[in-house]
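Down below is the structure, laid out as structure tokens.
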There are 2 protein chains.
Amino acid sequence: MTRTRRATVGVDFGTESARAVLVDVSDGTELATAVHSYAAGVIDRRLPGHDIELAPDWALQDPDDYVEALGLTVRGVLSSSGISPEQVIGVGIDFTACTMLPVTSDGTPLCRLPEFRDNPHSWVKLWKHHAAQPEADLINSIAETREEPWLDRYGRRTSSEWFFAKALQILDESPEVYAAADRLIEAADWIVWQLTGIESRNSCTAGYKALWSRRHGFPDPAFFAALAPGFADVVAEKMSLEITSPGQRAGVINAAAADLTGLRPGTSVAVANVDAHVSVPAATVVSPGSMVAVMGTSTCHLTLADTEQVVPGFCGVVEDGVVPGLYGYEAGQAAVGDMFAWFTRLLDADGRGESDTHNSLERQARLLKPGESGLVALDWWNGNRSILVDADLTGLILGTTLATTPGDIYRALLESTVFGTRVIIEALNGAGIDVHDLVVCGGLPYQNHLLMQLTADITGRPVRVAASRQTPALGSAMFAAVAAGPALGGHESIVEAARHMASLSSDEYLPDLSTRPVYEDLYSIYRELHDTMSESTSGMRRLRTVQDRARQTTVSVP
Amino acid sequence: MTRTRRATVGVDFGTESARAVLVDVSDGTELATAVHSYAAGVIDRRLPGHDIELAPDWALQDPDDYVEALGLTVRGVLSSSGISPEQVIGVGIDFTACTMLPVTSDGTPLCRLPEFRDNPHSWVKLWKHHAAQPEADLINSIAETREEPWLDRYGRRTSSEWFFAKALQILDESPEVYAAADRLIEAADWIVWQLTGIESRNSCTAGYKALWSRRHGFPDPAFFAALAPGFADVVAEKMSLEITSPGQRAGVINAAAADLTGLRPGTSVAVANVDAHVSVPAATVVSPGSMVAVMGTSTCHLTLADTEQVVPGFCGVVEDGVVPGLYGYEAGQAAVGDMFAWFTRLLDADGRGESDTHNSLERQARLLKPGESGLVALDWWNGNRSILVDADLTGLILGTTLATTPGDIYRALLESTVFGTRVIIEALNGAGIDVHDLVVCGGLPYQNHLLMQLTADITGRPVRVAASRQTPALGSAMFAAVAAGPALGGHESIVEAARHMASLSSDEYLPDLSTRPVYEDLYSIYRELHDTMSESTSGMRRLRTVQDRARQTTVSVP
């Protein structure tokens, strides 16, 4: 008698593409994967089909790209795996966040409507849309003045990437789009709406990106009123008040979604989640002590703990935000792989081969002894997320000489990102939360072995590597198995799902103790630059002001 | 009746090659030029024909390369100009400095002797040999302790590039070479010795590089004794005590030199001089008010004044050092063109075309508005000569982001060198010495128009350009005309020679006042970095210590 295979589908909506994976519920075997790149990708220069130029710091997307990618990738894994829709007991999705859009009461994106299509504010604001910094500054200053009780949970600073900064930018700059929006919604929740026909809002994005907590709900309307007169009722008017937790069932596939995806109507659909957060159990971590680093273009750090502490500069502490029953602490570095790619592009201006350049750089960098480059960098090429929460900070390279080689610079850039990680670990330690080891996932750990060894050496902690190269999609498939539940052949909890479906690879990086003294010295230099350059009157900050003014003025060019 | 053309030859010994120019004494017309690259070039990896590796910071040359270049270039200008040796009334030379070598009593370089040929200390130490920093540190600290009276003339710090640091390094590391050397001599004076058969020592290198002054002579033997027991009599034992001034006649061409060069025996030979200093009258400057900047791989700044003032961080103030009767103030920037070339090489790792890369960078940089790059750099890629006099300082780039382009960085590097020039001008102003305008010469002004405009904008002063593209060789030819004197058809003084033989080009760069506010802001950021990073406990300095230690230790490489 052969056991019938039971499978779930996880769909991970990333920055450039969506990826579906079909997973065996019993042992986590990844039976098939399909990836589809969004047609319009990241929209940061002009709206598709229009001449309308976007300001720097804007980053939009087209929601129809998500729908197309959803249909194609789910159909793709079904067909290439040979698994029948009857064997699929559930589907789960995860998304970048805060990635949000204005929609009508039936879920229609405003950018689909002809009257709004040429208004950039009607499109999806991607997580890395940074143009709402003035609104974030206002939110921070009003919250400080009012001594808002939720401030401590977010390290006392909120980011321009988050939900209410983006929502307020719409109100400020396009009141007509704001007025026409029946809902402002996370793309994650919008996709679940497309699958089930039912609007819902997940606790993970609500907690990490929209200032919500299970115990205290959203901030008070008086706070929102203090930001702008018409903003007082943003929660009541623009958001669904029902908040559901990861692992719960949001609903089932409806007829339209069945047509789109090839899944059976009635298939269980899990509550949506954030890509990084869903990676934690997929990297085997369901208890305190290990930090999960999701390392790609940027890095997200997630750590579980039994208690709620204030950690300055952390992006959020959310109860049940990652694993039910525990507090999930989120921190981040805004540019990691992006920074290495920047340097590779810089050296490969003629576009002959970035991957050749990258391999040659890693080879050169590997041959250097710690400290030999003579360089220290500040890794703020895209601002600093944790622990300074400031998108306006910029990078720095110190120590260049005529003998400085591309390999020297490349190694200093790698090291700088690890120094940044160490600052984050020390902030956790300072709040009484231990980090014994790191478990890494995302794209970088498999491409950049030197970076992994440096992570072990500079943090002084073992670095283990998740077995799956697609932890977000696997994590979504795991939550899909939990939402489906044991009755349908799924799992009782995410802890159970992790035990069966997640594993570590055999790669493990142990700290080389001989490098310790040099990295202590280099880290002390990094830390001093970190602290002085982030001061409000630093040269770095004044420089940014000069640049902003220069961009706005016209000066004769020599 | 046709006037017989009278000509002089100037030979400029640079870092990579020697250049002779044959000049019409009446109007400065450059009748012929010849250039010859030294066969061994700059020796900074291993001794020619030996496996002996040189430490970083070493830079040697082969004196036989100078002799070969002298013969070939002088013969070259004679033959290509059609001027007969009888029409040549004099020859003058200039040299990089301090570029020095140990020789026997008859002038034979020790490196020519088989017993010393494999000893690096027997070779010429080129100006940019930086391995005598420990000796320079000792000289500075002992001089401070002893309150040496000459310290003020040198901005209270001497450089590792100068004569006594290099001499002391020979004594410290190779006492046998030191003992065998009857003379330690500037290459400039050694070439004059080869031409005339008579040893002499010029006041310019003695003043700027060997702590000598017309009024006070060399430092006291007690000072040298305090540096090292065997060093007390370095002046008496290793140096000629007769010091002669630029414009004087050192002697005449002897038979051997006539064979070598094709010049007539008996032709007047001028006292040797330093390349940058001889450029001042060749750039038309023979009175106070204008700063001459000789801009090439490095930049040398020379300003004339009527009085002797203390200017902190200046490389020297020498009476008669540039123009008789005036004090010559010398400052310098250790890497200018070298720094731009470093960046061009960095981007052109595959060696496809540095000049293409350079042109494309200048095009990109020219299109930027002041401040638009968002970057400020510290131009210390080869240490800081003025006003900090410290070869151990390193470079810095502040403000990088994912949007930073090669053109942004290139422009920031150009600007940083001009900020460095502005620091030098402000130091002069602070000592009561005015700089109304700059006159530039050297290779860069003709290649890098953007740099010239930036120099005008950032210093707020007009920038004029010397007509001659080979001011050192022209200046040597001018001093040759003075040494020959009016009786032979030459000139009475260098002021007269400048009036007849030197001129400005029609290129002139005026400050664009609209750029002033932005550059004031950027300069204040530069100046703050300049002051904090040069502090004794700065991250920059600690980083250098880490690097030095790393180079000395063996650590397992990940």
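The values are calculated or read from the model by the stated rules, or taken from the named source; none is laboratory data. In this text the structure is predicted, and so the values were computed from the model without any measurement. Ideal geometry is used to build each Cβ from the backbone, glycine not excepted, and the neighbour counts take in all protein chains shown. Keep in mind that these areas ignore ligands, DNA and RNA; they rest on the heavy atoms of the full protein, side chains included. Shrake-Rupley method; radii C 1.70, N 1.55, O 1.52, S 1.80 Å.
Points worth noting:
- The set of residues in the stretch B:434-459 that are open to solvent by 10 Å² or more (accessible area, probe 1.4 Å) and within 14 Å of chain A (Cβ to nearest Cβ) comprises B:H449, B:Q453.
- Whichever residue in the stretch B:397-409 is among the small types (G, A, S) and within 8 Å of chain A (Cβ to nearest Cβ) and, among such residues, is farthest from B:A335 (Cα to Cα): B:A403
- Residues within the stretch A:397-419 that are part of a helix (DSSP H, G or I) and open to solvent by 20 Å² or more (accessible area, probe 1.4 Å), tallied: 1
- Scanning the stretch A:368-377 turns up no residue that is closer than 28 Å to B:R541 by Cβ, open to solvent by less than 30 Å² (accessible area, probe 1.4 Å) and of a type in the set (K, R).
- The lone exception for A:R422 - which of (1) in a helix (DSSP H, G or I); (2) open to solvent by less than 20 Å² (accessible area, probe 1.4 Å); (3) touching a helix residue (DSSP H, G or I) at 6+ places or on another chain (Cβ under 7 Å) it fails: (2)
- Selection count, the stretch B:353-378, where residues are of a type in the set (D, E) and facing chain A (nearest Cβ under 10 Å): 2
- Residues in the stretch B:194-208 that are assigned to a helix (DSSP H, G or I) and either out of contact with any Lys or Arg (no Cβ under 9 Å at 6 or more places or on another chain) or at positive phi (or both): B:Q194, B:L195, B:T196, B:C204, B:T205, B:A206, B:Y208.
- Restricting the stretch A:379-396 to residues that are open to solvent by 10 Å² or more (accessible area, probe 1.4 Å) and not acidic (D, E), the residue that is nearest to the other protein chains (Cβ to nearest Cβ): A:N382
- In the stretch A:400-420, the residues that are free of Cβ contacts under 8 Å to residues at least 40 places away in the same chain reach residues that are surrounded by fewer than 24 Cβ atoms within 10 Å (Cβ to Cβ) and assigned to a helix (DSSP H, G or I) with C-beta atoms within less than 6 angstrom, at least six apart or across chains, in these pairs: A:L402/B:D338; A:L402/B:W342.
- Check on A:V318, at pLDDT 95 or above, away from chain B (no Cβ under 14 Å) and in a strand (DSSP E or B): no
- Filter result for B:E68 (at pLDDT 95 or above, open to solvent by 20 Å² or more (accessible area, probe 1.4 Å) and under 21 Å from B:T96 (Cβ atoms)): yes
- Single residue of B:W212, B:W190 found to be within 30 Å of B:T303 (Cβ to Cβ) and open to solvent by 20 Å² or more (accessible area, probe 1.4 Å): B:W212
- Out of A:P486, A:P472, one residue alone is modelled with pLDDT of 95 or more and surrounded by fewer than 18 Cβ atoms within 10 Å (Cβ to Cβ). It is A:P486.
- Being farther than 20 Å from A:G14 by Cα and within 22 Å of the chain's Cα centre (by Cα) holds for only one residue in A:T205, A:T244, and it is A:T244.
- Residue ID - nearest to A:Q447 (Cα to Cα), chosen from residues in the stretch A:321-340 that are within 14 Å of another protein chain (Cβ to nearest Cβ) and surrounded by fewer than 24 Cβ atoms within 10 Å (Cβ to Cβ): A:G337
Conditions tested, residue by residue: (1) surrounded by 15 or more Cβ atoms within 10 Å (Cβ to Cβ); (2) in a helix (DSSP H, G or I); (3) touching a Pro at 6+ places or on another chain (Cβ under 7 Å).
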position	(1), (2), (3)
B:A497	yes, yes, yes
B:S506	no, no, no
B:R516	no, yes, no
B:D521	yes, yes, no
B:L529	yes, yes, no
B:T532	no, yes, no
B:E535	no, no, no
B:R544	yes, yes, no
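- Filter result for B:A181 (touching a Phe, Trp or Tyr at 6+ places or on another chain (Cβ under 6 Å) and open to solvent by less than 10 Å² (accessible area, probe 1.4 Å)): no
- Among the residues examined, B:R516 qualifies as more than 9 Å from every other protein chain (Cβ to nearest Cβ) and either in contact with a helix residue (DSSP H, G or I) (Cβ under 9 Å, 6 or more places away or on another chain) or touching a residue at least 12 places away in the same chain (Cβ under 8 Å) (or both).
- Filtered residues of the stretch B:344-372 (kept if at pLDDT below 85 and either in a loop (DSSP other than H, G, I, E, B) or among the hydroxyl-bearing types (S, T, Y) (or both)): B:D348, B:A349, B:D350, B:G351, B:R352, B:G353, B:S355, B:T357
- Taking (1) modelled with pLDDT of 95 or more; (2) closer than 25 Å to A:V269 by Cβ in turn, A:P221 satisfies each apart from (2).
- Of residues in the stretch A:72-91 being outside any loop (DSSP other than H, G, I, E, B), polar (S, T, N, Q) and open to solvent by 30 Å² or more (accessible area, probe 1.4 Å), the one farthest from A:S37 (Cα to Cα): A:Q87
- Selection status of A:G490, in contact (Cβ under 8 Å) with a residue 60 or more places away in the chain and not charged (D, E, K, R): yes
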